[in-house]
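Structure, as structure tokens:
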Amino acid sequence: MASVIYPKAKESFLKADLDLDSVVRAVLIDTGTYTYNAAHDNYDDLTGVVGTESGALASKTFTNGVFDAADITFTAVPGTTSIEAIVLFLDTGTASTDKLIAFVDSATGLPVTSNGGDIVISWNASGILAL
């Protein structure tokens, strides 16, 4: 599957209900446990989350409809789990209201298997997502 913006995120962009200048975080996803679903809208819809969420994305840019940010490092990711994707979400502090933004499976560093060490994800040179 190719990287995709969740339809509910698109709807929220059009209604000006989702601001990428807010706190955006990422989680690592095992696609053997989670399958992208266009109906998913909030963090509590996710399964297959490996480790903990990232810190807030830093150095965000918004140029010509393209969203980008600094590469991220997930520290000391436990287990020996296959990780094939990342989900970006708007962090509200509550899983039932954290808005899913994008399912990304095309970043440098994916797929990877966790081993207790750090996992570094480098976003595509053309940006994370484009509208």
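Miscellaneous remarks
Results for (1) out of contact with any helix residue (DSSP H, G or I) (no Cβ under 8 Å at 6 or more places or on another chain); (2) surrounded by fewer than 16 Cβ atoms within 10 Å (Cβ to Cβ); (3) modelled with pLDDT under 95, shown as yes or no for each residue.
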{"site": "88", "(1), (2), (3)": "yes, no, no"}
{"site": "106", "(1), (2), (3)": "yes, yes, yes"}
{"site": "110", "(1), (2), (3)": "yes, no, yes"}
{"site": "122", "(1), (2), (3)": "yes, yes, yes"}
{"site": "130", "(1), (2), (3)": "yes, yes, yes"}
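- Unmet criterion (only one of (1) exposed (fewer than 13 other Cβ atoms within 10 Å of the Cβ); (2) over 15 Å from the mean Cα position of the chain (by Cα); (3) closer than 12 Å to residue 30 by Cβ) for residue 82: (1)
- Any hit, segment 35-54, residues being among the acidic types (Asp, Glu), free of Cβ contacts under 8 Å to residues at least 40 places away in the same chain and either within 17 Å of residue 107 (Cα to Cα) or crowded, with 18+ Cβ neighbours inside 10 Å (or both): yes
- Failed condition for residue 57, given (1) buried (at least 19 other Cβ atoms within 10 Å of the Cβ); (2) touching a Phe, Trp or Tyr at 6+ places or on another chain (Cβ under 7 Å): (2)
The values are calculated or read from the model by the stated rules, or taken from the named source; none is laboratory data. The shown structure was predicted, so the numbers you read here are calculated from the model rather than taken from an experiment. Every residue, glycine as well, gets a Cβ built from its backbone with ideal geometry; the counts of neighbours run over all protein chains shown.
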